[in-house]
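Novice: Below you'll find the structure I mean.
The values are calculated or read from the model by the stated rules, or taken from the named source; none is laboratory data. Owing to the predicted nature of the structure, the values given are computational and were not obtained by experimental measurement. Every residue, glycine among them, receives a Cβ derived from its backbone with ideal geometry; neighbour counts consider all protein chains shown. Ligands, DNA and RNA are excluded from the accessible area calculation, which covers all protein heavy atoms including side chains. Shrake-Rupley method; radii C 1.70, N 1.55, O 1.52, S 1.80 Å.
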Amino acid sequence: MADAEREAILERDRARKLLRQTLLSDVEQAKHDLHPRTISTRWADKQKTRLIAASSSAKQNVAKNAPLIGFVAAAGLLFAARKPISNWIQRFRNRGQHEEGDD
């Protein structure tokens, strides 16, 4: 009977050691997961993934709306250059009037 008790005690000791080893590995994993460097790396990876997804979506939208974007860009360019264009037209008109007046 002493052998059965001894075997039961040894079995419980092995189970305790296995549970302790599992607990210690879980604690080490938690330390690793909660380390500031790990957290910042995970955050950076998440932001990188979101940025890639957003840029992919933007590329698709630009490709889909390319004619409209070109039209808006041309209109913006003409609006920004309205003063030089107006001055050029005025010089062109005035030059024509000066040439007619010289006759």
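Novice: Does at least one position in region 33-40 carry a residue that is polar (S, T, N, Q), open to solvent by less than 80 Å² (accessible area, probe 1.4 Å), part of a helix (DSSP H, G or I) and out of contact with any Leu (no Cβ under 6 Å at 6 or more places or on another chain)?
Specialist: As a first pass, look at region 33-40 and keep what is polar (S, T, N, Q): 38, 40.
Add one more test, that the residue is open to solvent by less than 80 Å² (accessible area, probe 1.4 Å), and what stays is 38, 40.
Cutting the leftovers down to part of a helix (DSSP H, G or I) gives us 38, 40.
With the extra rule that they be out of contact with any Leu (no Cβ under 6 Å at 6 or more places or on another chain), the set shrinks to 38, 40.
Yes; the residues of region 33-40 include at least one that is polar (S, T, N, Q), open to solvent by less than 80 Å² (accessible area, probe 1.4 Å), part of a helix (DSSP H, G or I) and out of contact with any Leu (no Cβ under 6 Å at 6 or more places or on another chain).
Novice: While we're here: For Pro67, are the conditions met, namely being assigned to a helix (DSSP H, G or I) and over 32 Å from the mean Cα position of the chain (by Cα)?
Specialist: Details: assigned to a helix (DSSP H, G or I): yes; over 32 Å from the mean Cα position of the chain (by Cα): no.
Judged against the criteria, Pro67 is not a match.
Novice: Just one of Phe79, Phe92 is open to solvent by 100 Å² or more (accessible area, probe 1.4 Å) and more than 42 Å from the chain's Cα centre (by Cα); which is it?
Specialist: Within the list Phe79, Phe92, the selection yields Phe92.
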